[in-house]
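The values are calculated or read from the model by the stated rules, or taken from the named source; none is laboratory data. Quick caveat, the model's predicted, so the values are computed rather than measured. Methodologically, a virtual Cβ is constructed for each residue, glycine included, from the backbone with ideal geometry; neighbour enumeration extends over all protein chains shown.
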Amino acid sequence: MAHGAWRCMYCDDSLGTDIDHFQPLKLAPLRAFVWANHLLACSNCNSNSKRDQYPLASDGTCLLIDPTTEDPADHLVLMLRTGVYGHLTDKGEATIDVFHLNRPDLVAGRKDAYCTARSVILSWYEMRSDGDPDADSTAKALLRSPFVDVVYAMARLAPHVAEAVIGARFVPAVQQWRSVYGTVPAARVQTARIGAP
Ligand SMILES: [Zn+2]
């Protein structure tokens, strides 16, 4: 279910090394072998941040974003220039808090990823315009990189704010990128379409 190169489904940075039980075994032992309750995570997000936390809203629903069924963009907004996540909903706020999504290493990584992604997307755009057969490989390499959430946040920028955020010279490239690769990771689209096995 994870997109990219088996990255952690929570931070999009480290390789997924652990299987997190989204609903903790301590609270739901009968869900130990339920496929949809198994999320690929890094040890930092799983063991250091989330652990057995599973905050609930007053109506009993989970306050964590489930990346297998929900689009994090409905709850979170990424400030591309600073690398910091803000929240749009209570669920977004709880998710940032539980997974420490604004810890310094992630914020710094997203800032670097934004600089790189902007250049790679412009390069991809020029290669594509020139008919370079390696353009698609360049794009796929970016989509397998850490912090691919930065790339999707760029693709989601509304046209009227894109110029102010990423700069006028990058806007046509990002618009074409969006038309080819979309605004949601392919793995998430596929999971939503077929459901968990
Ligand atoms: Zn992680």
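Please work out if Met79 is of a type outside the set (S, T, N, Q), free of Cβ contacts under 8 Å to residues at least 60 places away in the same chain and more than 14 Å from the ligand (Cβ to nearest atom). Criteria met by Met79.
Residues Leu30, Leu25, Leu88: which one is more than 24 Å from Arg144 (Cβ to Cβ), modelled with pLDDT of 95 or more, away from the ligand (no atom under 13 Å from the Cβ) and more than 14 Å from the chain's Cα centre (by Cα)? Walk me through how you get there before you give the answer.
Details: Leu30 fails: modelled with pLDDT of 95 or more; Leu25 fails: modelled with pLDDT of 95 or more.
One residue alone meets the criteria, Leu88.
The set of residues in the range 43-63 being surrounded by fewer than 17 Cβ atoms within 10 Å (Cβ to Cβ) and outside any loop (DSSP other than H, G, I, E, B) consists of Ser43, Ser47, Asn48, Leu56, Cys62.
Among the residues of the range 42-55, is there at least one that is in contact with a strand residue (DSSP E or B) (Cβ under 6 Å, 6 or more places away or on another chain) and away from the ligand (no atom under 13 Å from the Cβ)? Let's see the steps before the verdict.
The initial filter retains those residues of the range 42-55 that are in contact with a strand residue (DSSP E or B) (Cβ under 6 Å, 6 or more places away or on another chain), namely 43, 46.
Narrowing further to those that are away from the ligand (no atom under 13 Å from the Cβ): none.
No.
Screening Asp20 on (1) part of a helix (DSSP H, G or I); (2) within 16 Å of the ligand (Cβ to nearest atom) shows it passes everything except condition (1). Here Asp66 passes the criteria (1) closer than 30 Å to Ala173 by Cα; (2) surrounded by 16 or more Cβ atoms within 10 Å (Cβ to Cβ) except the one numbered (1).
I'm trying to understand the selection: among the residues of the range 144-162, which are in a helix (DSSP H, G or I) and buried (at least 17 other Cβ atoms within 10 Å of the Cβ)? Steps first, please.
Here is the first cut: in the range 144-162, the residues in a helix (DSSP H, G or I) are 148-155, 159-162.
Across the range 144-162, the qualifying residues are Val148, Asp149, Val150, Val151, Tyr152, Ala153, Met154, Ala155, Ala162.
Per the conditions (1) within 30 Å of Ala164 (Cα to Cα); (2) modelled with pLDDT of 95 or more; (3) within 16 Å of the chain's Cα centre (by Cα), the sole criterion not satisfied by Glu70 is (2). Scanning the range 24-41 for residues that are within 21 Å of Trp6 (Cβ to Cβ) and either in contact (Cβ under 8 Å) with a residue 40 or more places away in the chain or in contact with a helix residue (DSSP H, G or I) (Cβ under 9 Å, 6 or more places away or on another chain) (or both) yields Trp35, Ala36, Asn37, Leu39, Ala41. Among the residues of the range 69-97, those that are of a type in the set (S, T, N, Q) and surrounded by fewer than 17 Cβ atoms within 10 Å (Cβ to Cβ) comprise Thr69, Thr82, Thr89.
For the range 98-119, does any single residue satisfy the condition of being in contact with a Cys (Cβ under 9 Å, 6 or more places away or on another chain), among the aliphatic types (A, V, I, L, M) and surrounded by 20 or more Cβ atoms within 10 Å (Cβ to Cβ)? Yes, the conditions are met somewhere in the range 98-119.
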